[in-house]
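Peer 1: Structure in structure tokens, see below.
Derivation of every value follows stated rules applied to the coordinates shown; laboratory data play no part. Keep in mind it's a predicted model, so treat the numbers as computed, not measured. As a convention, Cβ positions derive from the backbone with ideal geometry for all residues, glycine included, and neighbour counts pool all protein chains shown.
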Amino acid sequence: MNKLLYISIAILLLASCSKVKKSQNRIQGQWEIISYHQTDIAGFTEYYDAVGTITFGEDTDNTFTYVEDYTYQGPSGSVVVQREGIGTFTNDLGLDHKLDFTLPVAFTLNECTFRLLTKDDLKIEQRDIQFTHMLVLKND
């Protein structure tokens, strides 16, 4: 009976590791931003025209490099977003992650999720103090 328990635990650990690696392989590369919207803490959503890319690279088994380079038309005019850092998977499903940005300033987004992950389409949800940011991406 103990052997069966150890085998079950080993299978669960191996399966969870492979999900992270599978997600990492699927997101790797440059993705074009198709749409972008923000929802504030009161629940109001604003949709913006966004142009640019997000690039994912491989770093280690649990992390990935992350680069944002896009522009959107905000309420006060054009907003340029250029930042980069390291993403770290925070669960064994390979969906939740945090982003530690190093450029242009150091800060962390702790609540980020891949909401839809297929071969060519990806939704990213990033939550900060003021907004939930939803980006829909298409693989180039």
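Peer 1: Could you give every pair whose Cβ atoms fall below 8 Å, whose first residue belongs to region 70-93 and is within 16 Å of Met134 (Cα to Cα), and whose second residue is surrounded by 12 or more Cβ atoms within 10 Å (Cβ to Cβ) and of a type in the set (D, E, K, R), counting only separations of at least 6 or pairs across chains?
Peer 2: Val81/Glu68; Val81/Asp69
Peer 1: Among the residues of region 114-140, which ones are hydroxyl-bearing (Ser, Thr, Tyr) and either touching a His at 6+ places or on another chain (Cβ under 7 Å) or under 21 Å from Tyr72 (Cα atoms) (or both)?
Peer 2: The answer is Thr132, and nothing else.
Peer 1: Something else: Give all pairs with beta carbons closer than 6 Å in which a residue from region 38-55 that is farther than 16 Å from Gln126 by Cα meets a residue that is among the acidic types (Asp, Glu); count only pairs at least 6 apart in sequence or on separate chains.
Peer 2: Here the result reads Gly52/Asp69, each pair linking region 38-55 to a residue that is among the acidic types (Asp, Glu).
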